[in-house]
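Student: This is the structure I want to talk about, given as structure tokens.
Derivation of every value follows stated rules applied to the coordinates shown; laboratory data play no part. This is a predicted model, so every value here is computed, not measured. Quick reminder, even Gly has a Cβ in these numbers, built from the backbone with ideal geometry, and neighbours come from all protein chains shown.
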Amino acid sequence: MAIQIQDILALLPELFPGVQFLPLKNVRPDPENPGPPLTDQAIQDMADNIAVRGLVNPIKVQGDKANLFAEGVQPHPDNPRLRADGQPWTMGDFNYVILGGERRYRAAGRLGWVTIPGFILNPTEEEAVEINYLDNDVRDRGWWAGYQTLEKLIKANPSLTQRQVGTRLKMDPTKVGRALRLLPLLNRASKDLIVGNSDNSNKGFWGISESAVLRLADLGPESTLKPGVKKAGNDTQRIWPYPAIPPETQDLVRRTLQVAIEEQMTEAGVKGLVRSVQDGHGPEDYSPKKPSGISSPAGSQQTEVKVSGDETDLETDEEDEDSVKPIPWSENSRHPEYLQIPVSRVRVNGFIAQCYARSLNVERKALAMQASGYAQDIWVRRLTEDEKKADLNHDFELFKGISTLKGAEMLGWPQLNAMVYDIDEGEAIRLHNADVDHSQPLTWVELYASLEKNLAKYPSQNLAQVAIKLQEDPAVLIEVLSAMKLLNESMRNLIDESVHRCYEGRTNMGGYQFRKEFAIPLKRLKGVSEVLLETQQLVEKVVGIAIENEMRSAEIGELVDWVLAGNDPDEYFEKEA
């Protein structure tokens, strides 16, 4: 029997175990490596690092299945351990494809290396995807690289569930679910647009962000996938191939994405754009209007929130749709100055101070600053001349970094580095909340609990305007506030923990989060008992089951239906067996 290439590939890790010095000319990058192309600066930075420290982390490669043998080399017809001339194989007899370490490979080439340290592996297609993604070079290349990797993995093994995909890639299963709702809507042109408008970072507001692109999923159908629950007959749902999406829908998504990119829209902007498209308007015709000040726009009716007993109602006569459209960012919000400013001349925005009053740990922050001699940059806005006349003691108002500012005051530091914006208070709060969306330092339960108290104190507030300030959808805001009436303190703490477990500081560490949208189906349980305490105890069961089984909105809705039909929530999954 003739020797098969697969036989030789399987032998490579045994023939060349551990770290080997691979001939650089025999190694090539994977053309399907996820993420945007590496920049010249990224390669140069790596080359500078390697020149000083050496290559600490060897690259990982596999045999090049498309072109395994170097020029002029042939295998022995009977023995996979020998070349055609009867001699043992050498490193230079094979060609290799990079599994992890493209930036290190390119940096080595720039330094003029002839060989590069690396491991030779023979993974399955599925294992190759995992190795490639978990390598730091890929994980640092932005959110879209994660989506590309996810797509490669499910193509390699379509029988995986959402939960298994999240486990393999160390990715939040909720994020996997969101990605799987979006990916079928993206044709080749849409993907090219994203690649061309995503930088190599998940941080900051510029470029097209993951949260903004995800809003496009609302232009397609709701996903029916579950994280890992099996259907009747033990037949798991297949993630790949994707459900069929009409080409006209995919093209509408592409056009909407193109407008979002051209207008440099944030998540809130894309949300308004998508709403306009859903109403039957072309994406190219979208032109959001900015309400003036905090009053209702001309031509619209006042929207009021009434808080009485256990009800929160949104009342409106003929609300102008422009009153709830996202406010576009100003140019000044895009171009802050980076300055050192005196600590004594900075005041804290009142809204931010109220939100964070119970979560600050200034003493620990001050100790960390003292030990490292380092402080994170704060974000401030310049006070207007009128504001300075009313407050002679301050020149700036802080809206991000309150613990850093208080820590500096405790330590007696005279100055801090700051991003200084020439914007008004409303836009400063919006920037703050956009940053909360990225970093999640404050959970939605904490934020909404603070809002509950504020609404109780000032019940005549215009909720539509409050929602715009918080970059929230008024409809979602009112629904979640109503559902929160059914959440006792232990449930709020449990939900908080589910979010906090996913984040340490500003880094998403993966895991399941009970998001605010997941609370909306709970509202229907309000009348399940005349006694509020009994209702809350039942809701506590439902939320506990949802968190334990990592359920999303649609699944929680099904669980609520089950309970409203008179069934015990603890028996819900028995029907799936």
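Student: Which of T39, T174 has the fewest other C-beta atoms within 10 Å, and how do the rest follow up to the most? It would help to have the intermediate numbers written out before the result.
Tutor: Values: T39 12, T174 21.
Fewest-to-most Cβ neighbours within 10 Å comes out as T39, T174.
Student: If you don't mind, there's one more thing I want to ask. Order by neighbour count: S330, S211, fewest other Cβ atoms within 10 Å first, most last.
Tutor: Working: S330 14, S211 17.
Fewest to most other Cβ atoms nearby, the residues stand as S330, S211.
Student: Still on this structure, please answer the following. Provide, for q = 0.12, 0.15, 0.16 Å⁻¹, the log10 of I(q)/I(0) from a solvent-free Debye sum over equal Cα point scatterers in the range 331-422.
Tutor: So the normalised log intensities work out to -0.36, -0.57, -0.64.
Student: Same structure again: To make sure I understand, if each residue's beta carbon is the centre and we count other beta carbons within 10 Å, what order do M491, M410 fall in, fewest to most? Write down the numbers at each step before the final one.
Tutor: On the way: M491 24, M410 15.
Ascending Cβ contact count within 10 Å gives the list M410, M491.
Student: Quick one: net charge around L11, please, counting Lys, Arg +1 and Asp, Glu -1 for every other residue with C-beta under 13 Å from its C-beta.
Tutor: Values: positive: R81, R83; negative: D7, E14, D93.
Local net charge: -1.
Student: Here is a further query. Run the Debye formula on the Cα coordinates of the range 62-107, all scatterers equal and no solvent, and tell me log10 I(q)/I(0) at q = 0.31 1/Å.
Tutor: The calculated log intensity ratios at q = 0.31 Å⁻¹ are -1.14.
Student: With the cut-off at 24 Å, tell me which of the pairs K453/K485; K453/K523; K457/K541 have Cα atoms farther apart than that. Each step should come with its number before you reach the end.
Tutor: On the way: K453/K485 12 Å; K453/K523 19 Å; K457/K541 31 Å.
Distance filter (> 24 Å) returns K457/K541.
Student: How long, wide and thick is the range 1-62, going by the Cα atoms along their three principal axes, in whole angstroms, largest first?
Tutor: Here the Cα extents, ordered largest to smallest, are 51, 26, 18 Å.
Student: In addition: Taking just the alpha-carbon atoms of the range 5-141, what radius of gyration and Dmax come out, in angstrom?
Tutor: 15.3, 49
Student: Skipping prolines and chain starts, which residues have an amide H placed within reach, meaning under 5 Å, of the one on L99, given they are 5 or more residues away or on another chain?
Tutor: K60, V61, Q62
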